[in-house]
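Q: The structure that follows is given in the form of structure tokens.
The values are calculated or read from the model by the stated rules, or taken from the named source; none is laboratory data. Note that the structure is a prediction, hence the values are computed from the model and not measured. FYI the Cβ positions are ideal-geometry reconstructions off the backbone, even for glycines, and counts take in every protein chain you see. To get the accessible areas, we keep the full protein, side chains included, count just its heavy atoms, and leave off ligands, DNA and RNA. Shrake-Rupley method; radii C 1.70, N 1.55, O 1.52, S 1.80 Å.
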Amino acid sequence: MLEEPSEFRAVVFDSADPDFFMPHVDLTKVAEYTAEAAKAGGPGDASLGMLFQRLSRLPVVTIGKLRGRARGAGSEFLLACDVRFASREHAVLGQPEVGFGASPGAGGVQRLARLMGAGRALEVLLGADDYDAELAERYGWINRAVPDAELDAVVDRFAHRVARFPADAVVATKATVVHATAPSDDELRAAAVVFQHFVREGAVGRRTALLMERGLQTRGRTELDLGEALAALPPDDGAHDEGA
Amino acid sequence: MLEEPSEFRAVVFDSADPDFFMPHVDLTKVAEYTAEAAKAGGPGDASLGMLFQRLSRLPVVTIGKLRGRARGAGSEFLLACDVRFASREHAVLGQPEVGFGASPGAGGVQRLARLMGAGRALEVLLGADDYDAELAERYGWINRAVPDAELDAVVDRFAHRVARFPADAVVATKATVVHATAPSDDELRAAAVVFQHFVREGAVGRRTALLMERGLQTRGRTELDLGEALAALPPDDGAHDEGA
Amino acid sequence: MLEEPSEFRAVVFDSADPDFFMPHVDLTKVAEYTAEAAKAGGPGDASLGMLFQRLSRLPVVTIGKLRGRARGAGSEFLLACDVRFASREHAVLGQPEVGFGASPGAGGVQRLARLMGAGRALEVLLGADDYDAELAERYGWINRAVPDAELDAVVDRFAHRVARFPADAVVATKATVVHATAPSDDELRAAAVVFQHFVREGAVGRRTALLMERGLQTRGRTELDLGEALAALPPDDGAHDEGA
């Protein structure tokens, strides 16, 4: 519907839950989701990454307003929005996939590498840790960490400006930036294949099962501090020796 | 003349006006400028963007020192310089084109996307707002926001270092960086075509006329706070509904 | 050996010397080094840049922990690591090659341009100055400047997380980021050729000889403050006129 010509030119994505924007995908249900998605879309484009790719090309301005946690596909959704503003006090971002034994499958690897450069993207992706808004801003993950009391005003100011400006200028300028900076469809399709491969592998199932016992998918410490919970898992397979 | 071999290897671009470095192009005169430029240059290269492209390839080091406001083509000029230092207290940067109903035509879209990444470039370009030096530094628009009292010393230190170093090393290293990072000539030519298209369209003329009534092109509030003035214009054409 | 499959998945590169991590290459010995390297490697791949390229592709996570100074090839080594953390109080980074009359030959130009964008890379490379950790962080040269008392803990936390995560997920994710962001082998080979050309030229020999008289390659002011020492050299050849 948003792909039709429309008078709505700025859309703000917000969350009613103060703790969670989008926590992450339930990795035990990916096969199910994929089967459903395959019924809806064409071959090769049934992935979440390609859905987010289409989001990023919409002829409207998409604004992510983050309070609470956005991890995994939640972060990847925000990364496919045009701009991202977050509460300095409350926002948390993470790409925890590697900690589960997978790799972000919906554009997180590709978009973070472009936004923050190799060194910081490798830290975020390989470390699978939680990041507060202040550090996420320094790394370029979000546009700005804003004091919580000012977040609504900052987002409203931007949304109202854009919505009043001539639509064709907004749309053409957005399209040029997205064209010059976005990952290719091929990169996103490859990421989806790698993600699916890892989700079918043993480590993801075992580690997700362990985390479920510790409260994954329920409101509690494991979800609130997922970065800590991942580090507390026993090392998998041949991983008992650590470098130093 | 600067394209000739020269012993001047560092050029500082400064402004005598404390409020304005280069405010922006008079959009009502673009047709005139273009006709003049076409007399001087070859076909397809008569645009401001291609002039700035040539600036960025000069075998001298170009340094922008910003006090006051640099908007539109003023910002694009600075972006084509090698390095940019700005007064923390006084500098203001903006790409207001979308607020007029156009799109930056002289490399602003392409260079900002490369310098600050997609999210922040989209914010700057679509929001058409004014940015102080501190935020411009966080976004990578300028190298550094420097306390006004230290700005001259910082620029002089850099200029004098570069001017004393072996010329061939300076020139070869600059050329490698510019080659690896600059937008292509084709991207800049396409941006000029899009800009010209928008300038000939109705919205730019109507909005510029409204702003002229409010003091555009004269020293006063409208020029000092152009970001505010653009947001205060009535929405154009089918833009009366806003998203939320 | 590190290129063999291994259970060590995180390697921390540290320095026992509190003042120097890797100061820089002795430019008077490059011909010697190159002859030695040519015996060991295949044609075209005997350069330090290609060695660092192989480092960046290792299926282990490489972590640079910087106290003291990393200049020239020392900085280029760190840039080829996956992540870089530095002591806020003590770390110093520099690419002094242009000040000697050369151009970084082992990936510094290419990696800095990608990490910090054109403007800041040109400042760092052409100015050949020393940068403290705080500014290096703002420019993206390092992941983070960390208070010295916390540096070991930050590095250990990251290393231990990565070492406990499933190896195949870590390795595949790293490979995707490196593939998308690294300079090409051809760019690195070209940089090595340019570097060798400059090292054979007169200016590098003359300037290195002057610096040797002033204490280069010995522990003292010239090495501690190389950025200052380079600016204090007399200008070379036709460089007596300075721009302003």
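Q: Charges only on Cβ, +1 for Lys and Arg, -1 for Asp and Glu: so what's the dipole of chain A about the Cα centre, in debye to the nearest 20?
A: I would put it at about 580 debye.
Q: Could you tell me the relative contact order of chain B? Use alpha-carbon pairs under 8 Å, at least six residues apart, and round to a whole percent.
A: Value for chain B: 23 percent.
Q: Which far-off residues, 5 or more places away or on another chain, put their amide H under 5 Å from the one on B:PHE20, with H placed in the peptide plane?
A: Under 5 Å from the amide H of B:PHE20 lie the amide H atoms of B:ARG69, each far enough along the sequence or on another chain.
Q: Work out the charge dipole of segment C:158-244 with +1 on the Cβ of Lys and Arg and -1 on the Cβ of Asp and Glu about the Cα centre, then indicate which of C:GLY202, C:ALA167, C:ALA232 is farthest towards its positive end.
A: Positive-most Cα among the choices belongs to C:ALA167.
Q: Could I ask something else about it? Just going by the charge dipole of the protein assembly as shown, with Lys and Arg at +1 and Asp and Glu at -1 on Cβ, which of B:LEU48, B:VAL193, B:ALA86 is farthest out on the positive end?
A: The Cα lying farthest towards the positive end belongs to B:VAL193.
Q: Still on this structure: Let me confirm one metric for peptide A:99-105, namely the mean number of other chain beta-carbon atoms within 10 Å of its residues' beta-carbons.
A: 5
Q: Leaving ligands, DNA and RNA out of it, report the carbon-plus-sulfur percent of the accessible area of the protein assembly as shown at a 1.4 Å probe.
A: 57 percent
Q: What residues of segment B:56-93 lie in the reach of a label at B:GLU150, counting those whose backbone N is under 15 Å from a point 7 Å from the Cα along Cα→Cβ?
A: B:85-90
Q: Within 10 Å of each Cβ in peptide A:106-118, how many partner chain Cβ atoms are there on average? Round it to a whole number, please.
A: For this peptide, the per-residue mean of nearby foreign Cβ atoms is 5.
Q: What is the Cα centroid distance between segment A:161-233 and segment C:152-174, reported in whole angstrom?
A: Taking the Cα centre of each part, segment A:161-233 and segment C:152-174 sit 19 Å apart.
Q: So the label point goes 7 Å from the Cα of A:ALA232 along Cα→C-beta, right? Which residues of segment A:108-152 then have their backbone N under 18 Å from it?
A: Within reach of a label on A:ALA232: A:128-131.
Q: Turning to a different aspect of this structure: Rolling a 1.4 angstrom probe over the protein chains, ignoring ligands and nucleic acids, what is the accessible area of B:MET22 in square angstrom, nearest 10?
A: 70 Å²
Q: Please give the residues of segment B:111-148, grouped as numeric ranges, whose backbone N is less than 15 Å from a label point set 7 Å along the Cα-to-Cβ vector of B:GLU89.
A: B:133-134, B:146-148
Q: Oh, and also: Taking each residue in A:153-161, count the Cβ atoms of any other chain within 10 Å of its Cβ, then average. What number comes out?
A: Counting other chains' Cβ atoms within 10 Å and averaging over A:153-161 gives 3.
Q: Can you list residues whose amide H is under 5 Å from A:ALA10's amide H, if they're 5+ apart or on another chain and H is modeled 1.01 Å from N?
A: A:VAL61, B:GLY243
Q: Hey, another quick one. Just tell me which lysines come within less than 18 Å, Cα to Cα, of B:LYS39; anything on the same chain fewer than 8 places away is out.
A: B:LYS29
Q: Here is a further query. Can you give the accessible area per residue of segment B:106-244, in Å², using a 1.4 Å probe?
A: 38 Å²
Q: Note down the relative contact order for segment B:119-244 as a percent, whole number, built from C-alpha pairs under 8 angstrom at least six residues apart.
A: 23 percent
Q: Then there is this: Sorted by accessible area with a 1.4 angstrom probe, largest first, how do B:ARG57, A:ARG88, B:ARG221, A:ARG144 fall?
A: In descending accessible area the options line up as B:ARG221, B:ARG57, A:ARG88, A:ARG144.
Q: Here's something else I'd like to know. For segment A:77-144 and segment C:82-103, what is the separation of their Cα centres, given in Å?
A: Answer, in whole Å: 26.
Q: R0 = 22 Å: FRET efficiency of B:ARG54 with B:GLN196, Cβ-based, nearest 0.05?
A: Taking R0 as 22 Å, the efficiency between B:ARG54 and B:GLN196 is 0.70.
Q: Which value, in debye to the nearest 20, gives the size of the charge dipole of segment C:31-143 about its Cα centre, when Lys and Arg are +1 and Asp and Glu are -1 at the Cβ?
A: The calculation lands at about 340 debye.
Q: Just flag the trypsin sites (Lys or Arg not before Pro) in segment A:160-196 sitting in loop per DSSP whose Cβ has no more than 11 other Cβ atoms within 10 Å.
A: none
Q: Right, next: With a 1.4 Å probe, what is the total accessible area buried between chains B and A, in Å² rounded to the nearest 100?
A: Chains B and A together bury roughly 3300 Å² of accessible area.
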